[in-house]
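Q: Before I ask anything, here is the structure I am working with.
Just so it is clear, none of the values below were taken in a lab; they were calculated from the coordinates. Here the structure is a predicted model, which means the values were calculated and not measured. Reconstructed Cβ throughout: ideal geometry from the backbone, glycine too, with neighbour counts over all protein chains shown.
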Amino acid sequence: MEKELIQKLIKTATDQLAYSYVPYSHFHVGAALLAEDGSIYKGCNIENAAYTPSNCAERTAFFKAVSEGVRKFSAICVVGGMDGRLTEYAPPCGVCRQVMMEFCDPKTFEIILATDTEHYQVLRLEELLPMGFGPGNLAE
Ligand code: THU
């Protein structure tokens, strides 16, 4: 992917940090999900007083897209940190990796982790979720 597009995704994900609803952890996460058609779906994490209903930024972005009929994706950028400070990469949790596995080709889907537009790492889903279980495992 071209650096210009990577930087656009990093900026978009970073803008989402302002919308994170995180009264319990104070850990803000923003995501920018690039669909194959070029559209970008944004997400933030949304916590809950009962804790388990909380939703990660990545899943917010995926569910927004899928709920609008979009199911093909090329990449996602994820940024996050305590009080919104981006000091380290914020890698996706296991549940979010599994949701990626449902809709993305693990060999090609790219996950961009960043602290700013000059400091980032691009990984494939198969690196973050080796031997993942996906729709193909249930195919007859
Ligand atoms: N979080 C995400 O939004 N994405 C991840 O992949 C890891 C964790 C959120 C959930 C919770 O609101 C906060 O970060 C601390 O776990």
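Q: Picking from Ala49, Ala32, Ala90, which is most flexible by a Gaussian network model of the chain using Cα springs under 10 Å?
A: Highest fluctuation of the listed residues: Ala49.
Q: Give the value in nm², to one decimal: projected area of the alpha carbon convex hull of the chain, averaged over all directions. Don't jump to the answer; show the numbers that get you there.
A: Working: hull surface 34.5 nm².
Computing the convex hull of the Cα atoms and averaging its projections yields 8.6 nm².
Q: Among Leu113, Val79, Ser67, whose Cα lies farthest out toward the positive end of the dipole of the chain, if unit charges sit on the beta carbon of Lys, Arg (+1) and Asp, Glu (-1)?
A: The one lying farthest along the dipole's positive direction is Ser67.
Q: Place a +1 charge on the Cβ of each Lys and Arg in the chain and a -1 charge on the Cβ of each Asp and Glu, then give the dipole magnitude about the Cα centre in debye, rounded to the nearest 20.
A: Numbers: 12 positive and 18 negative charges, 36 e Å.
With Lys and Arg at +1 and Asp and Glu at -1, about 180 debye.
Q: Could you tell me, in Å, what Rg and Dmax come out for the Cα atoms of the range 1-69?
A: Reported Rg and Dmax, both Å: 12.8, 41.
Q: Once both labels are modelled 7 Å past Cα along the beta-carbon direction, what's the Ser25-Val122 spacing in nm?
A: Each label point is offset 7 Å from its Cα along the Cβ direction, giving 2.7 nm.
Q: With a cap of 16 neighbouring Cβ atoms within 10 Å, and only residues DSSP puts in a loop, list the GluC sites (Glu not before Pro) found in the range 65-107.
A: Details: sites: Glu68, Glu88, Glu102; in loops: Glu68, Glu88.
Filter output for the range 65-107: Glu68, Glu88.
Q: Most exposed first by the Cβ proxy, i.e. fewest other Cβ within 10 Å, how do Asp116, Asp105 rank?
A: Numbers: Asp116 12, Asp105 15.
Ordered by Cβ neighbours within 10 Å, fewest first: Asp116, Asp105.
Q: Over the Cα atoms of the range 74-140, Rg to Rh with Kirkwood Rh, two decimal places? Provide the component values of the computation, followed by the final result.
A: Details: Rg = 13.2 Å, Rh = 12.7 Å.
Using Cα coordinates only, the ratio equals 1.04.
Q: When a/c is below 1.5 the answer is rounded, else prolate if a/b is larger than b/c, else oblate, so apply that to the range 42-81 with a ≥ b ≥ c taken from the square roots of the Cα gyration tensor eigenvalues. List each step's numbers first, then the result.
A: Values: a/c = 3.52, a/b = 1.55, b/c = 2.28.
Here the range 42-81 falls in the oblate category.
Q: Same structure, new question: Report, ordered by chain and residue number, the lysines lying within cross-link reach of Lys64, taken as a straight Cα distance under 16 Å and ignoring same-chain residues fewer than 8 apart.
A: Filter leaves Lys42, Lys72.
Q: Give the relative contact order (percent, whole number) for the range 8-87; include only Cα pairs under 8 Å separated by 6+ residues.
A: Details: 175 pairs, mean separation 28.7, N = 80.
In percent, rounded to a whole number, it is 36.
Q: Can you pull out the chymotrypsin sites (Phe, Trp or Tyr not before Pro) in the range 56-140 whose DSSP state is coil and whose Cβ has at most 12 other Cβ atoms within 10 Å? It would help to have the intermediate numbers written out before the result.
A: On the way: sites: Phe62, Phe63, Phe73, Tyr89, Phe103, Phe109, Tyr120, Phe133; in loops: Tyr89, Phe109, Phe133.
The qualifying sites are Phe133.
Q: Now a separate question. Please order Thr52, Thr117, Thr87 by the number of other Cβ within 10 Å, starting at the fewest. If you can, show how the numbers build up before the last one.
A: Details: Thr52 5, Thr117 14, Thr87 8.
Taking fewest neighbouring Cβ atoms as first place, the list is Thr52, Thr87, Thr117.
Q: Which residue, Ala18, Ala50, Ala65, tops the fluctuation ranking in a GNM of the chain built on C-alpha contacts under 10 Å?
A: Ala50
Q: Modelling each spin label as a point 7 Å along the Cα-to-Cβ direction, I'd like the Glu88/Ser67 distance in nm, to one decimal.
A: Computed distance between label sites Glu88 and Ser67 equals 3.2 nm.
Q: Within 10 Å of each candidate Cβ there may be at most 14 other Cβ atoms; applying that plus a DSSP loop requirement, which chymotrypsin sites (Phe, Trp or Tyr not before Pro) in the range 10-51 survive?
A: Numbers: sites: Tyr19, Tyr21, Tyr24, Phe27, Tyr41, Tyr51; in loops: Tyr24, Tyr51.
When the chymotrypsin sites (Phe, Trp or Tyr not before Pro) of the range 10-51 are filtered for loop state and at most 14 Cβ neighbours within 10 Å, Tyr24, Tyr51 remain.
Q: Hey, in the GNM for the chain with a 10 angstrom Cα cutoff, which one of Val22, Val79, Val66 fluctuates hardest?
A: Val66
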